[in-house]
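The values are calculated or read from the model by the stated rules, or taken from the named source; none is laboratory data. Since the structure is predicted, the reported quantities are computational estimates derived from the model, not experimental observations. Cβ atoms come from the backbone with ideal geometry, glycine included; neighbour counts cover every protein chain shown. Heavy atoms of the whole protein, side chains included, go into the accessibility calculation; ligands, DNA and RNA do not. Shrake-Rupley method; radii C 1.70, N 1.55, O 1.52, S 1.80 Å.
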Amino acid sequence: MSTSILSLSSPLSVCNKLNPLLFYTRRRTVSLSSRYPRSRFNRFATSIRLLTVAAASENNGVFTSPEIAKTFDFAAEERIYNWWESQGYFKPNFDRGSDPFVISMPPPNVTGSLHMGHAMFVTLEDIMVRYNRMKGRPTLWLPGTDHAGIATQLVVERMLASEGIKRVEMGRDEFTKKVWQWKEKYGGTITNQIKRLGASCDWSREHFTLDEQLSQAVVEAFIRLHEKGLIYQGSYMVNWSPTLQTAVSDLEVEYSEESGYLYHIRYRVAGGSRNDWLTVATTRPETLFGDVALAVNPQDDRYSKYIGQMAIVPLTFGRHVPIISDKHVDKEFGTGVLKISPGHDHNDYLLARKLGLPILNVMNKDGTLNEVAGMYSGLDRFEARKKLWTELEETGLAVKKEPHTLRVPRSQRGGEIIEPLVSKQWFVSMEPLAEKALQAVEKGELKIIPERFEKIYNHWLSNIKDWCISRQLWWGHRIPVWYIVGKDKEEDYIVARNADEALGKSHKKYGKEVEIYQDPDVLDTWFSSALWPFSTLGWPDLSAEDFKRFYPTTMLETGHDILFFWVARMVMMGIEFTGKVPFSYIYLHGLIRDSQGRKMSKTLGNVIDPLDTIKEFGTDALRFTVALGTAGQDLNLSTERLTSNKAFTNKLWNAGKFVLQNLPKENDISAWENILSYKFDTGDSVLNLPLPERWVISKLHLLIESVSASYDKFFFGEVGRETYDFFWADFADWYIEASKGRLYNSGNDGNSAAFMAQAVLLYTFENILKVLHPFMPFVTEELWQALPNRKHALIVTPWPETQLPRCTSSIKKFENLQTLVRAIRNTRAEYSVEPAKRISASVVASNEVIEYIAEEKEVLALLSRLDLQNLHFMNSSPGNADQSVHLVAGEGLEAYLPLADMVDISAEVQRLSKRLVKMQKEYDGMLAKLNSPKFVEKAPEEVVRAVQEKATEAEEKITLTKNRLEFLNSNVLVSK
């Protein structure tokens, strides 16, 4: 028998895996020394000592055995989670290794509640953490929440508004106090919900971006950037939120396609005749008060004669603006005439700065027009638009108003329409920081997964704009800048770590009599988040123990949609302040969409709540479902997938029930001694097993090696699919069934076959639990604890060795056996043989194949429901071949099943004859349709195609039925 074996490079002690006294849960401890001879007792001395290390779960009501419960109870998840946390398993442990695996949780907004995006990142990060923990690496998953400046202030303002209270009436200090009260009451909601997903974070290290230590880090970062000249103050175009009255980031503006109008307005040419006028098409007529020029394309013959002249801005009492040329003006859009309003349009602003045009602002911070708008001053921007158009119509300057699809900028937080506005703000100069972040990827110091996002990352950093970091809010990190009362704010200000330091600096520079006041603005929330990987570890204190041990971190996992919001900024800030890239890997996941691939939204009514999903399907099923996606790609989530993976959880539970029910009792020392004699960590130990056991152990060892490699490459979808297939298709569907023959019919071998099957079942199942644990932590831990006493909780049990032996030839041999079984099963189903009926069979093959198939005739008979006494193996066709169903299972492997064993031939002939008549009638009807020109010409193409396909299918079925009837009739004649 030719067999290929991969030898072990580092044998693993099977005793540590299969020690029976580690396998019992909630069972009575017995005194072995009083019941067994000393020599026998010595053989179990090590095992007995382990009895003193009782499982932490024993008798504490945390876990439930499959022997008691029919299915896994989702209510146990919280108990298991609390037990893990109480045992300190979530904290980094340096006992087994010194190379830590560190990941910083993307801090969810303190205002948030759990959604499927959280389910995705928690699942993927927890998979990484649990895998590396089992691999022996000290793991730190550092959690926390973000103060979410705009979102939180909005929530509290709305809450106060419902009570009739306005923020400005309260004052800053009182309002901030209210926000802190809200945070203390509701801020922990998202944290508790994340725990329900099984997040094994070190909660003792949890941070909040407004914590004292993190706030100190923010101030330090601002000061250092300012000292290097990378932070400056200036008036530039920003995105303005009129309701919140704050600047918002470009990245926090979402553009939506909305119905609106394109307004055509007539501008007269100064000094020209009645016919000399230019028509401007604009979507925002109210900004005309801020016009500083009209621009046309120099190649546009319609307007070239007006270039260099002046135009009169409507309703401004004769204000003149120049008519200029610019090659970037689109001759085809609108009328080909562009109004330049640099105070209210990003593109106009850039053009005005390039050409040296003045910048005119017509809007107040609250979205009303200012005094520049003359009689429209004080009107809301949209109210002014309506009134302005009416008056343009009355004065004959309105040409037309036509429907137009607008690209409307809306605040990601508040949803209101954003106003481009020139405002005095604080900025970070980004180019010097971006250059180092680009080099980190180029040099391979930072790897982005999937790799295609490197292009997006590089493009954004190569075209980066300066970052507006000031926000006109009350909730957040106050900008550490103080001004001198009575002095120019742009020239005279103090940057300091606190008010006392600022006062000291101002006294030194301006004298003891000066008064100071702090800048009222706060920093952009993303500024503090950009420091997250190192501020949470103690920076700027470089001697902090956590900073020395855990920085740089290993992994940053988050959604690809915040690659610029957060990820790139962390890279830049990490390199700037620590000299090191803050993490080695960036793993970007996609969005979770509904079953139709649509983005989840309340408007569509397709939002799936993770907490509701957990109640119905369990956390493990949800986690397994969202983890099967591919990095960077969106995932369609459906009830069907969740239902399927809930069934997977139940299948796992039932397999555990089967294994437990077939293990020896705790006091059967002799049985356990026999089980322990089977080892699976050497080539010979695997090679000496019978074929089914050799096959399943070999496939298990291949699985462990394959999924370990996939875990290391972050191919989590591959891990899930491979493990699912092995457990369900190989272990549950085949080996468990095959083992029943060993367990229930040990025959002349005594119990040796049963002991072997028990050892293989237990070894295979416990390794399946290990491999699946990072994906499905709750059900796997529950099953692990139900197995006879475990030395460790599964969460901290060592990962299986990867260089384990396997017999590759046995896999092919057992696959031949499987193919034969499937062929016999299919034939039984085809002939409607009763499931319990055992039939005869003759297997024909070469001597080599017969040798290993015949060795497992009991397994073949069991799985195929064959009559073992009438199961024959031979080199050529049997004598009754012409009265048997001939099966070709594979090359050189055939079987003959006597027809008389399976069916009443006369009754079957009658049944098939009736069926053939019916099928022929239906087929003739379809042919008649297809032969009718009226049908073919007038019926829709897809209807005709459907009939053609049905006819082809019916023809094939008729042919098969005729062939079977012919075969049956020949057997009737033979029997007569």
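Structural remarks
- Filtered by the rule that a residue be modelled with pLDDT of 95 or more and more than 15 Å from residue 77 (Cβ to Cβ), segment 763-788 gives 763, 764, 765, 766, 767, 768, 769, 770, 771, 772, 774.
- For residue 798: the one exception among (1) closer than 17 Å to residue 89 by Cβ; (2) touching a Ser or Thr at 6+ places or on another chain (Cβ under 8 Å); (3) in a loop (DSSP other than H, G, I, E, B): (2)
- Selection over segment 417-439 of residues that are open to solvent by 10 Å² or more (accessible area, probe 1.4 Å) and touching a helix residue (DSSP H, G or I) at 6+ places or on another chain (Cβ under 6 Å) gives a count of 3.
- Selection from segment 60-78 of residues that are in a loop (DSSP other than H, G, I, E, B) and of a type in the set (A, V, I, L, M): 62, 68, 69, 75
- Restricting 247, 270, 199, 217 to residues that are in contact with a Leu (Cβ under 7 Å, 6 or more places away or on another chain) and small (Gly, Ala, Ser) narrows the list to 217.
The rows are residues; the columns are (1) open to solvent by 20 Å² or more (accessible area, probe 1.4 Å); (2) farther than 29 Å from residue 635 by Cβ; (3) not aromatic (Phe, Trp, Tyr).
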residue: 90; (1), (2), (3): no, no, no
residue: 94; (1), (2), (3): yes, yes, no
residue: 117; (1), (2), (3): yes, no, yes
residue: 127; (1), (2), (3): no, no, yes
residue: 145; (1), (2), (3): no, no, yes
residue: 166; (1), (2), (3): yes, yes, yes
residue: 186; (1), (2), (3): yes, yes, no
residue: 194; (1), (2), (3): no, no, yes
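- For segment 539-586, residues that are touching a residue at least 12 places away in the same chain (Cβ under 8 Å), open to solvent by 10 Å² or more (accessible area, probe 1.4 Å) and not aliphatic (A, V, I, L, M) total 18.
- For residue 176, the stated conditions hold: it is polar (S, T, N, Q), more than 19 Å from residue 714 (Cα to Cα) and open to solvent by 20 Å² or more (accessible area, probe 1.4 Å).
- Among the strands (runs of 3 or more DSSP E) confined to segment 460-538, the ones with at least 1 residues that are without any contact (Cβ under 8 Å) to a residue 24 or more places away in the chain and crowded, with 19+ Cβ neighbours inside 10 Å are located at 493-495.
- Scanning segment 62-78 for residues that are surrounded by fewer than 17 Cβ atoms within 10 Å (Cβ to Cβ) and not hydroxyl-bearing (Ser, Thr, Tyr) yields 67, 68, 69, 70, 73, 75, 78.
- Residues that are assigned to a loop (DSSP other than H, G, I, E, B) and touching a strand residue (DSSP E or B) at 6+ places or on another chain (Cβ under 8 Å), drawn from segment 263-300: 270, 271, 276, 283, 291, 292, 297, 298
- Total residues in segment 757-786, condition under 22 Å from residue 861 (Cβ atoms) and open to solvent by 10 Å² or more (accessible area, probe 1.4 Å): 1
- Criterion: assigned to a strand (DSSP E or B) and surrounded by 12 or more Cβ atoms within 10 Å (Cβ to Cβ) - qualifying residue of 922, 908, 955, 894: 894
- Some residue of segment 678-692 being surrounded by fewer than 23 Cβ atoms within 10 Å (Cβ to Cβ), modelled with pLDDT of 90 or more and under 22 Å from residue 718 (Cα atoms): no
- Set side by side, the residues 405, 368 differ, and just one is open to solvent by 30 Å² or more (accessible area, probe 1.4 Å) and out of contact with any Cys (no Cβ under 7 Å at 6 or more places or on another chain), which is 405.
- Residue match in segment 106-116 (condition: among the β-branched types (Val, Ile, Thr), outside any loop (DSSP other than H, G, I, E, B) and either closer than 17 Å to residue 553 by Cβ or at pLDDT below 95 (or both)): no
- Tally, over segment 357-384, of residues that are under 18 Å from residue 340 (Cα atoms) and of a type in the set (Gly, Ala, Ser): 1
- Test: residue 881 is over 52 Å from the mean Cα position of the chain (by Cα) and on the phi < 0 side of the Ramachandran plot: yes
- Within segment 228-243, the set of residues being in contact (Cβ under 8 Å) with a residue 12 or more places away in the chain and closer than 16 Å to residue 573 by Cβ comprises 230, 231.
- Set 391, 445, 451: member being free of Cβ contacts under 8 Å to residues at least 60 places away in the same chain and either open to solvent by 20 Å² or more (accessible area, probe 1.4 Å) or of a type in the set (Phe, Trp, Tyr) (or both): 451
- Taken over segment 596-612, the residue count meeting the criterion of being in contact with a Leu (Cβ under 7 Å, 6 or more places away or on another chain) and touching a residue at least 12 places away in the same chain (Cβ under 8 Å) is 3.
- Here the condition is being closer than 25 Å to residue 245 by Cβ, acidic (Asp, Glu) and in contact with a strand residue (DSSP E or B) (Cβ under 8 Å, 6 or more places away or on another chain); of 524, 488, it holds for 524 alone.
- Among the residues examined, residue 129 does not qualify as touching a Ser or Thr at 6+ places or on another chain (Cβ under 6 Å) and under 25 Å from residue 215 (Cβ atoms).
- Boolean, residue 641 is open to solvent by 10 Å² or more (accessible area, probe 1.4 Å), touching a helix residue (DSSP H, G or I) at 6+ places or on another chain (Cβ under 7 Å) and part of a helix (DSSP H, G or I): yes
- Residue in segment 864-884 that is under 30 Å from residue 754 (Cα atoms) and among the aromatic types (Phe, Trp, Tyr) present: yes
- Counted residues, segment 806-859 - those being in a helix (DSSP H, G or I), under 19 Å from residue 697 (Cβ atoms) and under 44 Å from the mean Cα position of the chain (by Cα): 12
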